[in-house]
Amino acid sequence: SVLSEPLRGNQRLRKTWMRARRMIQGWPDIHLDVPDLRKTYGVADELLPSSYVADVEAFLTWSGRYDAFDDETGPIRPVRQSTVKNKRHALRAMVSAAIRNGVPIDGLRSLADLVEPDTVRAALRFLAEHHGEQRSATLEGRMAQIVIVARDWVKVPQSQLDVLRKLA
């Protein structure tokens, strides 16, 4: 092929065809499937241990709760629902990356297992390779979530928190 990326070229052609089909009266009514070329690595909740999924849901619920008179009900400042969604996405990416890089799925029973330094390293190595870079704003954001979970939810020892911060 003349194109340097023939799959992307085929995808663009099909997208253009479908757009023309919608916008140009008289365009041939032929449907073309548009391939999804994203490199996905996410692991579905159904495949994760139920205790892990329950812990994530409890953490996310806790993140959005606040009672000024009870320091056990939530974080110092509750987060917006859009932030809860971003936290969910970051945690899903990290657990999926760890699994894709060889961490046994049945060893991830809670967020405490996810924030273990060896698990975090495995996830970061996978993500860096997957995205073709060592450091990025995305990786830093995901690590920030790991540090928050470790510090505020799991309440890891300071020595473990220091290791996680160095990884961030």
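Points worth noting:
- Within a Gaussian network of the chain (alpha carbon springs, distance under 10 Å), most fluctuating of Gln158, Gln25, Gln11: Gln25
- In units of the compact-protein estimate 2.2 N^0.38 Å, the chain shows a Cα radius of gyration of 1.35.
- Loop-located trypsin sites (Lys or Arg not before Pro) in segment 135-168 (DSSP state other than H, G, I, E, B) with a sparse environment of at most 12 neighbouring Cβ atoms within 10 Å: Arg135, Lys155.
- Protection proxy ranking of 110-122, 44-56, by the mean of other Cβ atoms within 10 Å over each peptide's residues and highest first, is 110-122, 44-56.
- Crossing angle, helix 50-63 versus the chain [Cα axis fit, 0-90 degrees, rounded to tens]: 80
- Crossing angle, helix 158-167 versus the chain [Cα axis fit, 0-90 degrees, rounded to tens]: 20
- CD proxy at 222 nm, helix term only [per DSSP H run n ≥ 4: -39500 (n - 2.57); per residue of the chain; nearest 500]: -17500 deg cm²/dmol
Every number in this text was worked out from the coordinates using simple rules, so none of it is lab data. None of these values were measured; they are calculated from a predicted model. Virtual Cβ from ideal backbone geometry, glycine too; neighbours counted across all protein chains shown.
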